[in-house]
Amino acid sequence: MRPYIICHMVESVDGRIDCDMVDKISGDEYYTALNSLECTSQVEGKYSYQLHHCGFEEFKPKNYAPIGKEVFFKAAEAKGYEISVDTKGTLLWDKTENNGRLCIVSEDASTEYLDYLRNLGISYIASGKGSIDLKRTVEILYNKFGVKRLGVLGGGKINGGFLSAGIVDELSLLIAPGIDGRCGQPALFDGIENKEGFIPLKLKFKEVSTFPNGVIWLRYLINH
């Protein structure tokens with residue numbers, strides 16, 4: 001068993017997801033739509049957390065020893081969790097921001113980092129060697145943390161990781177009326193290996209609606 005997983009994003013007409021750019025061509029529609037999806041637990045990638053919450057300084061263990069096994073820790077019961085994906089366990093956290101926070105790391109992260117999270121009252125899941133085992137992680141989220149609906153909110157590589165793992169059920173996509181056009185900007189889904197039979201991944205149309213400022217909200221079901 002795992003949560004029902006919705007990837008929810010906003011992009012320009014040419015498929016770019018840079019936050020500063022889409023902020024200039026859209027309003028609060030992203031959050032209005034997100035609230036209606038009722039995903040009380042939401043996951044974002046490491047870069048998003050560095051940019052908006054943690055900064056770019058990194059945790060450095062004094063004596064590195066890998067976790068080496070699957071473990072989890074629930075700091076407190078919560079109606080929903082703010083979840084970071086941080087493979088090596090390097091994000092630094094503010095002591096005052098940890099209610100309902102949950103960090104996902106791989107088993108290659110250091111045991112010192114888990115001690116650091118526990119001391120801050122931050123929940124964690126460690127699963128997978130070399131990379132995070134997302135399939136197993138979402139099972140733990142469902143069975144041990146009670147997460148029934150999960151929003152995946154980017155960036156592109158996190159979206160691509162969940163999609164490639166075959167665990168995204170729905171795409172909720174807002175297209176804002178603007179064009180980015182710059183080279184090298186992040187795309188909605190990124191970093192997926194071209195697995196035979198995977199790309200392109202066909203979607204099943206669910207519904208479409210519009211906002212007064214020209215933002216289009218598309219919803220698709222994903223059949224893996």
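Of the solvent-accessible surface of region 1-54, computed with a 1.4 Å probe over protein heavy atoms with every protein chain present, carbon and sulfur atoms account for 48 percent. Between the Cα long axis of helix 111-120 and the first principal axis of the chain there is an angle of about 80°, rounded to the nearest 10.
With both labels modelled 7 Å from their Cα along Cα-to-Cβ, the Ser209 to Met1 distance reads 3.0 nm. Across the protein chains, with a 1.4 Å probe defining accessible surface, the residues Arg149, Arg182, Arg219 rank Arg182, Arg149, Arg219 from largest area downward. The trypsin sites (Lys or Arg not before Pro) found in region 34-86 that occupy coil by DSSP, while having at most 11 further C-beta atoms within 10 Å, are Lys62, Lys69, Lys79. Rolling a 1.4 Å probe across the protein heavy atoms gives region 34-160 an accessible surface of 50 Å² per residue. When you filter the chymotrypsin sites (Phe, Trp or Tyr not before Pro) in region 21-91 for DSSP loop state and at most 16 other Cβ atoms inside 10 Å of their Cβ, you are left with Phe56, Tyr64. Within region 14-158, the ratio Rg/Rh, alpha carbon atoms throughout and Rh by Kirkwood, equals 0.97.
The values are calculated or read from the model by the stated rules, or taken from the named source; none is laboratory data. Here the structure is a predicted model, which means the values were calculated and not measured. Methodologically, a virtual Cβ is constructed for each residue, glycine included, from the backbone with ideal geometry; neighbour enumeration extends over all protein chains shown. Note: accessible area is taken over every heavy atom of the protein model, side chains too, but ligands, DNA and RNA are not part of it. Shrake-Rupley method; radii C 1.70, N 1.55, O 1.52, S 1.80 Å.
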